[in-house]
Every structure is written in C-alpha cells, then in structure tokens.
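Enquirer: There's a structure below that I have some questions on.
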Amino acid sequence: MRRAASPLPVVIDTNLVLSALVFTHGRLTSLRQAWQKQRIRPLVSRVTAAELIRVLTYPKFRLSFDEQQELLADYLPYCKTISIPEPLPPTYKVPACRNAFDVPFLQLALVGKAKVLITGDRDLLALADSFVCPILSAEQFIDTLNP
C-alpha cells in the first residue's frame, strides 16, 4: 500500500484564515479544503493563534461566542503548534519588516520550517525576494494546489 504524502507545512496569515473560515463559499474555499483534506498543515504559534482568537471577536463579524468556537474548531485541530524561542536565536534571520505585527508570521515560518508563507499582506509580499521561505499570495498558492 502506498503511503499518503505528508501535509505541506505552511504559515497562513490571519486575514486569509479568517476569510477562509467566515466566507465558506468564497475565493479561499480551496485553501480551507486543503487543510481539511490534510494536503497542508497550517503552523501556528501562541502569538498567531491569539491574534486569530482576538480578530474573531471584532464586532464587524457579529459572531457569537459559540460561532467563534465553531470556526476555531474548524481550523486549530488541523494545525501544528510551534514554540517560538524568546529571544529568537541569531541563526534565524528575520528580515526587517515595515509592520511589527507581521514579524510573528516570519518567525513562525522560520522556526516551523514552513514550505510556504501564504499572505495577502503587501508588507509580507514585499519580502518575497529576501526571505528563505517562499512568500505567496493566496491565489498563487491555490494555483500550486490545482495545477
């Protein structure tokens, strides 16, 4: 019997995770299906998971506590939690980033040995040429899933 390929370890920024969870028939449906079918394995850290939990409480989404928990249950069990050392050892080279809120995603990609960092954030996309891990837009990444 042939063994199934291991899920691809990826970092997905909060806005994309949120869109994939909230808009179940939106442009990121195939991203959500990829983690559900274990084609990818999203990596999370304490900081990135806390950000997702915080963003789900924003009034503009009008999500009840139970709805927030349901969305988290559709994501977090598929994830692998990575512990980010404090301070980050100098062997991990994090490029200078315009937005300090993006740094945890870069650190997570490095420490977790992600194969891809998937983002819609222009500040992160601007680092694509200077980061050891490929940084792709959601559309670019989805194209690699569905050649």
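The values are calculated or read from the model by the stated rules, or taken from the named source; none is laboratory data. Given the structure is predicted, the values throughout are model-derived calculations rather than measurements. FYI the Cβ positions are ideal-geometry reconstructions off the backbone, even for glycines, and counts take in every protein chain you see.
Enquirer: Scan the range 8-54 for residues that are in a helix (DSSP H, G or I) and touching a Gly at 6+ places or on another chain (Cβ under 7 Å) and jot them down.
Expert: Let us first name the residues in the range 8-54 that are in a helix (DSSP H, G or I), namely 14-22, 29-36, 46-54.
Once the filter is applied, which keeps residues that are in a helix (DSSP H, G or I) and touching a Gly at 6+ places or on another chain (Cβ under 7 Å), the range 8-54 yields ASN15, LEU16, SER19.
Enquirer: Search the range 112-132 for residues being in contact (Cβ under 8 Å) with a residue 60 or more places away in the chain and either among the aliphatic types (A, V, I, L, M) or in contact with a Pro (Cβ under 7 Å, 6 or more places away or on another chain) (or both), and hand back the single one that is nearest to LEU88 (Cα to Cα).
Expert: Step one: list which residues in the range 112-132 are in contact (Cβ under 8 Å) with a residue 60 or more places away in the chain, which gives 112-121, 124.
Adding the requirement that they be either among the aliphatic types (A, V, I, L, M) or in contact with a Pro (Cβ under 7 Å, 6 or more places away or on another chain) (or both) leaves 112-118, 124.
Working: GLY112: 13, LYS113: 14, ALA114: 16, LYS115: 20, VAL116: 20, LEU117: 19, ILE118: 22, LEU124: 19 Å.
Filtering the range 112-132 for residues that are in contact (Cβ under 8 Å) with a residue 60 or more places away in the chain and either among the aliphatic types (A, V, I, L, M) or in contact with a Pro (Cβ under 7 Å, 6 or more places away or on another chain) (or both), the one nearest to LEU88 (Cα to Cα) comes out as GLY112.
Enquirer: Consider LEU127 against the criteria (1) in contact with an Asp or Glu (Cβ under 9 Å, 6 or more places away or on another chain); (2) of a type outside the set (Lys, Arg); (3) within 25 Å of ILE53 (Cβ to Cβ): it satisfies all of them except one. Which criterion is unmet?
Expert: (3)
Enquirer: In the range 121-137, what count of residues is obtained for those that are in a helix (DSSP H, G or I) and either surrounded by fewer than 15 Cβ atoms within 10 Å (Cβ to Cβ) or touching a Ser or Thr at 6+ places or on another chain (Cβ under 8 Å) (or both)?
Expert: Residues of the range 121-137 in a helix (DSSP H, G or I): 122-125.
Still in the running and either surrounded by fewer than 15 Cβ atoms within 10 Å (Cβ to Cβ) or touching a Ser or Thr at 6+ places or on another chain (Cβ under 8 Å) (or both): 122-123, 125.
The total comes to 3.
Enquirer: Within the range 85-120, work out how many residues are at pLDDT 95 or above, hydrophobic (A, V, I, L, M, F, W, C) and surrounded by fewer than 17 Cβ atoms within 10 Å (Cβ to Cβ).
Expert: 0
Enquirer: To continue, here is another question. Yes or no: ASP13 among the acidic types (Asp, Glu), within 20 Å of ASP143 (Cα to Cα) and in contact with a helix residue (DSSP H, G or I) (Cβ under 8 Å, 6 or more places away or on another chain)?
Expert: Details: among the acidic types (Asp, Glu): yes; within 20 Å of ASP143 (Cα to Cα): yes; in contact with a helix residue (DSSP H, G or I) (Cβ under 8 Å, 6 or more places away or on another chain): yes.
So ASP13 passes the test.
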